[in-house]
1. Looking at segment 5-28, which of its residues are in contact with a Lys or Arg (Cβ under 9 Å, 6 or more places away or on another chain), surrounded by fewer than 20 Cβ atoms within 10 Å (Cβ to Cβ) and not aliphatic (A, V, I, L, M)?
2. Condition (residue is assigned to a helix (DSSP H, G or I) and out of contact with any Ser or Thr (no Cβ under 6 Å at 6 or more places or on another chain)) applied to segment 292-299: is it met by at least one residue?
3. Is it true that some residue in segment 75-82 is farther than 19 Å from Gly58 by Cβ, aliphatic (A, V, I, L, M) and either at pLDDT 95 or above or part of a strand (DSSP E or B) (or both)?
4. Residue under question is Ile148, and the condition is that it be part of a loop (DSSP other than H, G, I, E, B) and of a type in the set (A, V, I, L, M, F, W, C); does it hold?
5. Would you point out which residue out of Arg86, Arg147, Arg70, Arg117 is among the basic types (Lys, Arg) and in contact with a strand residue (DSSP E or B) (Cβ under 9 Å, 6 or more places away or on another chain)?
6. Just to be sure I understand the filter: pairs with C-beta atoms under 8 Å, separated by 6 or more residues or on different chains, first member in segment 279-300 and in contact (Cβ under 8 Å) with a residue 60 or more places away in the chain and on the phi > 0 side of the Ramachandran plot, second member aliphatic (A, V, I, L, M) and in a helix (DSSP H, G or I). Which pairs pass?
7. Could you list, in sequence order, all residues of segment 48-88 that are farther than 15 Å from Tyr152 by Cα, among the small types (Gly, Ala, Ser) and crowded, with 24+ Cβ neighbours inside 10 Å?
8. Condition test on Thr79, is it among the hydroxyl-bearing types (Ser, Thr, Tyr) and free of Cβ contacts under 8 Å to residues at least 40 places away in the same chain?
Amino acid sequence: MSASYLKLAAGELAKRAEKALDMLARCTVCAQECRVNRLEGRLGVCRAGRKAAVSGYGPHFGEEAPLVGRRGSGTVFFTHCNLSCRFCQNCEISQEGEGREVSAGELAGMMLDLQKRGCHNVNLVSPSHFVPQFLEALTIAAAGGLRIPIVYNTGGYDSLETLDLLDGVIDIYMPDIKFADDDAGKKYAGAAGYFSVARRAVKKMHEQVGDLVLDEEGIAVRGLLVRHLVLPGNLARTEKVMEFLAGEISKDTFVNVMDQYHPAYRAFEHPELSRRITAKEYREALEAARKAGLRRVYVD
């Protein structure tokens, strides 16, 4: 199966990139809708400017098996984030700005290098605030021979307008639905209306790519893969996340119910976040997924 972006009409990627870059002038690239002029270096919630910023890239073997295969998932770790999760486990990158700005040509070169190194895909980690820069780079990379699928690995707080620009570009959407509660999203991630936004975004993603499709070797080639991190005290309202996926997306949604929460970054400012989850809490989360009727629950 060919990567989606290779099927676009000639010149379409460049048109999408131009349209996305125009959004930076009064930025509405993500659901924060800060409306600052990033083209002139003004900074909004994500603290990112005109250029993409990257903390590192390379084959990664810690992702879900359908992404990793034998040769790894080709991750590009973007600096900054459009969320400010109090418990972020990558806070040096997302909140403290570890990384460097790169040109479109440099970003394209990274993607091509990942392909050359045999990675099964290009995995964009926290890309929501850098979609224009990604499209600009993909235009160059595709012309230079990029052929592998693109994974959009997001915190779920995505703009529908931006997702429309990614229709026919992204092969695999991998949103993390963090909370099924708008108040919790605002309190713990600085994201107003988080679940309302994420619901609409995930529906749009599924409309574009459908359920996750694996090839004969078990490698993901297209579709939706959802992650959900179980939080202590069920702060994320896991059962509501699972009911949404089963009832409004598909009972065949591939969902990874993750148990690796530990207090990080500013979690200790919130007593309710200052402990790991228990084995019982994780079992209850898995049971919530099964009770909702989900048939593809992934456990590491």
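The values are calculated or read from the model by the stated rules, or taken from the named source; none is laboratory data. Every value quoted in this text rests on a predicted model; they were computed, and no experiment measured them. Cβ sites come from the backbone with ideal geometry, for glycine too, and all protein chains shown count toward neighbours.
1. Hits for segment 5-28 are Arg26, Thr28.
2. Pass one, segment 292-299, residues assigned to a helix (DSSP H, G or I): 292.
Among the residues that remain, those that are also out of contact with any Ser or Thr (no Cβ under 6 Å at 6 or more places or on another chain) are: 292.
Looking through segment 292-299, at least one residue is assigned to a helix (DSSP H, G or I) and out of contact with any Ser or Thr (no Cβ under 6 Å at 6 or more places or on another chain).
3. The first filter runs over segment 75-82 and keeps only residues farther than 19 Å from Gly58 by Cβ, leaving 80-82.
Still in the list and also aliphatic (A, V, I, L, M): none.
Within segment 75-82, not a single residue is farther than 19 Å from Gly58 by Cβ, aliphatic (A, V, I, L, M) and either at pLDDT 95 or above or part of a strand (DSSP E or B) (or both).
4. Values: part of a loop (DSSP other than H, G, I, E, B): yes; of a type in the set (A, V, I, L, M, F, W, C): yes.
Yes: the conditions hold for Ile148.
5. On the way: Arg86 fails: in contact with a strand residue (DSSP E or B) (Cβ under 9 Å, 6 or more places away or on another chain); Arg147 fails: in contact with a strand residue (DSSP E or B) (Cβ under 9 Å, 6 or more places away or on another chain); Arg70 fails: in contact with a strand residue (DSSP E or B) (Cβ under 9 Å, 6 or more places away or on another chain).
Answer to the selection: Arg117.
6. Hits for this filter: zero, empty list.
7. Answer for segment 48-88, where residues must be farther than 15 Å from Tyr152 by Cα, among the small types (Gly, Ala, Ser) and crowded, with 24+ Cβ neighbours inside 10 Å: Ala48, Ala52.
8. Details: among the hydroxyl-bearing types (Ser, Thr, Tyr): yes; free of Cβ contacts under 8 Å to residues at least 40 places away in the same chain: yes.
For Thr79, the condition - among the hydroxyl-bearing types (Ser, Thr, Tyr) and free of Cβ contacts under 8 Å to residues at least 40 places away in the same chain - is met.
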